[in-house]
Amino acid sequence: MERFAQGAFHVAYEQRLDLDALRSKRVALADEQRRKAGLDALLVWKDENCRYLTDLRPQLIAGKTTALNGALLVEGSAPILFCSGGERDRVDRTMPWIKEVHTIPIVEERALIEGMVDQILGPVLRKHRLADGKIGLDEANTVFVKALTHKFPKLVLQDGDTPMQQARMIKLPEEITLLEEATAIADAVTASGVSAIAPGIRECEIAAEAMRTLFRLGGELRPRDDSFCRLRREHGASAPYLQRQDRTPRRCGFHRYWCQLERLFRRRGAYCDLRRSLCRAEKDLHRGLRCT
């Protein structure tokens with residue numbers, strides 16, 4: 001691997017990441033941890049675990065991380081995807097590595113869940129002889145767990161989150177390259193925000209400059225990250241303002257690998273010089289505005 005950020009796109013003049021190979025390595029790591037845990041299969045619903053196995057980039061709804069999309073990892077098979085209806089067309093059109101996909105309802109309402117377990121998930125479990133097997137589950141709604149164990153009383157559910165954490169803990173060389181690219185983008189985003197600070201400039205304008213750099217360089221925010229959107233009024237103030245934690249981007253992403261800006265700037269429990277200068281500039285600006 002090169003020791004510098006290579007850029008956001010595939011090119012013809014140098015060898016960059018093989019994302020198909022990376023995906024296969026991730027699945028192999030997860031399958032190895034499944035075997036070590038003595039599990040016949042892994043059934044995952046958490047966004048990060050589903051992404052790790054399938055590379056699904058779904059539309060996320062706050063508070064529904066275990067209710068929209070899932071994946072089943074069985075020995076000898078490519079990960080089986082269970083996705084919401086809004087993702088199905090894109091999966092069929094653009095994700096050829098997904099060999100088996102099933103459309104499911106939002107895993108919340110009891111009647112829909114019972115139908116999903118009986119008519120969608122159940123046949124898949126029987127096909128892979130898992131009806132009386134040992135399945136690792138990372139996280140799920142209670143109503144889903146009850147429906148699953150009621151339909152398959154011999155099925156044994158065990159911890160599936162720890163094997164996935166073990167698989168994801170030590171990053172592959174390709175993953176480190178993606179993290180380095182995300183960090184390079186985060187550096188540029190921060191520099192754009194710092195350079196935009198000036199008397200009379202609103203916080204939303206600083207955020208706009210940072211966001212422009214983020215998207216121009218091919219980065220992304222987490223789908224649920226409302227870092228620049230939350231407004232509130234304080235003690236009857238005449239104008240809404242951005243809360244403290246919402247003033248700068250929290251995360252910069254590249255191919256779903258994230259650089260945590262708040263952690264990037266902390267060294268041994270203290271902020272680095274760049275972060276301290278940014279905070280001082282913000283305080284001085286607001287102090288001057290209050291005096292006027």
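Points to keep in mind about this one:
- Total residues in segment 10-26 satisfying the condition of being within 28 Å of Gly63 (Cα to Cα) and surrounded by fewer than 20 Cβ atoms within 10 Å (Cβ to Cβ): the figure is 1.
- Criterion applied to Glu114, Glu180, Glu175 was being out of contact with any helix residue (DSSP H, G or I) (no Cβ under 8 Å at 6 or more places or on another chain) and assigned to a helix (DSSP H, G or I), and the one residue passing it is Glu180.
- Selected residue [crowded, with 17+ Cβ neighbours inside 10 Å, touching a Phe, Trp or Tyr at 6+ places or on another chain (Cβ under 8 Å) and more than 25 Å from Lys25 (Cα to Cα)] from Ile104, Ile120: Ile104
- Scanning segment 37-58 for residues that are in contact with a Pro (Cβ under 7 Å, 6 or more places away or on another chain) and surrounded by fewer than 20 Cβ atoms within 10 Å (Cβ to Cβ) yields a single hit, Ala37.
- Flag for Ala198 being closer than 29 Å to Phe9 by Cα and modelled with pLDDT of 85 or more: no
- Any hit, segment 172-194, residues being crowded, with 16+ Cβ neighbours inside 10 Å and within 30 Å of Asp118 (Cα to Cα): no
- Restricting attention to segment 117-148, the residues being outside any helix (DSSP H, G or I) and over 26 Å from the mean Cα position of the chain (by Cα) number 7.
- Just one of (1) at pLDDT 90 or above; (2) under 20 Å from Val117 (Cα atoms); (3) not acidic (Asp, Glu) fails for Thr65. It is (1).
The values are calculated or read from the model by the stated rules, or taken from the named source; none is laboratory data. Keep in mind that this is a model prediction, so the values were computed, not measured. Neighbour counts run over all protein chains shown; Cβ positions are idealised from the backbone, glycine included.
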